[in-house]
Amino acid sequence: MARFTSALRLAAVTVVAVAAALLTQPTAAQQTVPVDVGDIWYCDASQMGSTCDTTIAAGDTVVWDFSPALLPHSATACGASCNNPTGSPLFDSGIIIDSSSYQYTFTQPGTYRYYCVIHLTTQLGRIIVLGGGPTPTPADRPYGDVDCSGVIDSIDAALVLQLDAGLVGSLSCEQNADTNGDGAINSVDAALILQHTAGLLFHLPV
């Protein structure tokens with residue numbers, strides 16, 4: 001009986017030790033991703049007048065570095081639409097004039113549009129937050145599945161049309177929406193998705 005009790009104690013100690021070791025194992029590394037802010041652009045000067053895309057994983061932190069800029073700028077979340085920005089942005093650096101930085105940690109997958117409150121229509125960006133795991137390559141990305149449902153159907157086409165019309169500000173898997181690879185998301189992409197669901201196109205992107 002004493003031997004049995006000793007065995008139980010040894011097993012209990014072993015379980016506690018293993019549990020403690022598991023709890024102290026490092027989790028998947030979360031990244032800090034820099035985005036430069038200049039006059040009048042995000043990322044780099046080639047993005048002046050266009051939208052800068054930055055793709056990260058959920059849990060990563062984006063740091064906007066304002067040191068390249070000579071003019072005042074901000075990094076402010078648009079909300080549903082950059083054409084009609086929200087008055088309660090998810091993140092907002094405020095107007096920065098001292099070459100400092102601002103950071104925000106994105107915990108939920110999705111596409112987050114942002115802009116400079118001074119240069120409303122000419123300085124734009126998007127943070128595309130993936131749901132974990134490696135970033136998909138063009139070869140394995142499910143083009144057309146814009147709602148991350150795992151199925152490409154007419155709902156995806158409808159969502160693309162709503163985005164193009166400004167009725168929604170972003171899509172759950174917006175990185176899958178450019179089905180013709182022209183760098184824009186519009187009604188052409190929606191039409192290609194519908195053709196794919198009807199069996200007229202076998203592969204996306206075209």
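Restricting attention to region 176-196, the residues that are assigned to a helix (DSSP H, G or I) and modelled with pLDDT of 85 or more add up to 10.
Of everything in region 80-98, what is under 20 Å from the mean Cα position of the chain (by Cα), among the β-branched types (Val, Ile, Thr) and not in a loop (DSSP other than H, G, I, E, B)? Give them in sequence order.
Within region 80-98, no residue meets the criteria.
Only residues that are of a type in the set (A, V, I, L, M, F, W, C) and either at pLDDT below 95 or touching a helix residue (DSSP H, G or I) at 6+ places or on another chain (Cβ under 8 Å) (or both) were counted across region 34-68, and they come to 9. Every listed requirement among (1) crowded, with 18+ Cβ neighbours inside 10 Å; (2) more than 21 Å from the chain's Cα centre (by Cα) is met by residue 113 save one, (2).
For region 181-194, the set of residues classified as over 17 Å from residue 53 (Cβ atoms) and either surrounded by fewer than 17 Cβ atoms within 10 Å (Cβ to Cβ) or acidic (Asp, Glu) (or both) consists of 187, 188, 191, listed by residue number. Just one of the listed residues (146, 117) is of a type in the set (A, V, I, L, M), outside any strand (DSSP E or B) and in contact with a Leu (Cβ under 9 Å, 6 or more places away or on another chain), namely 146. Scanning region 31-79 for residues that are in a loop (DSSP other than H, G, I, E, B), touching a strand residue (DSSP E or B) at 6+ places or on another chain (Cβ under 6 Å) and not aliphatic (A, V, I, L, M) gives 43, 60, 66, 68, 78.
Would you say residue 201 is touching a residue at least 24 places away in the same chain (Cβ under 8 Å), more than 27 Å from residue 60 (Cα to Cα) and out of contact with any strand residue (DSSP E or B) (no Cβ under 7 Å at 6 or more places or on another chain)?
Details: touching a residue at least 24 places away in the same chain (Cβ under 8 Å): no; more than 27 Å from residue 60 (Cα to Cα): yes; out of contact with any strand residue (DSSP E or B) (no Cβ under 7 Å at 6 or more places or on another chain): yes.
Here the answer is no, as residue 201 does not meet what is asked.
The values are calculated or read from the model by the stated rules, or taken from the named source; none is laboratory data. None of these values were measured; they are calculated from a predicted model. Quick reminder, even Gly has a Cβ in these numbers, built from the backbone with ideal geometry, and neighbours come from all protein chains shown.
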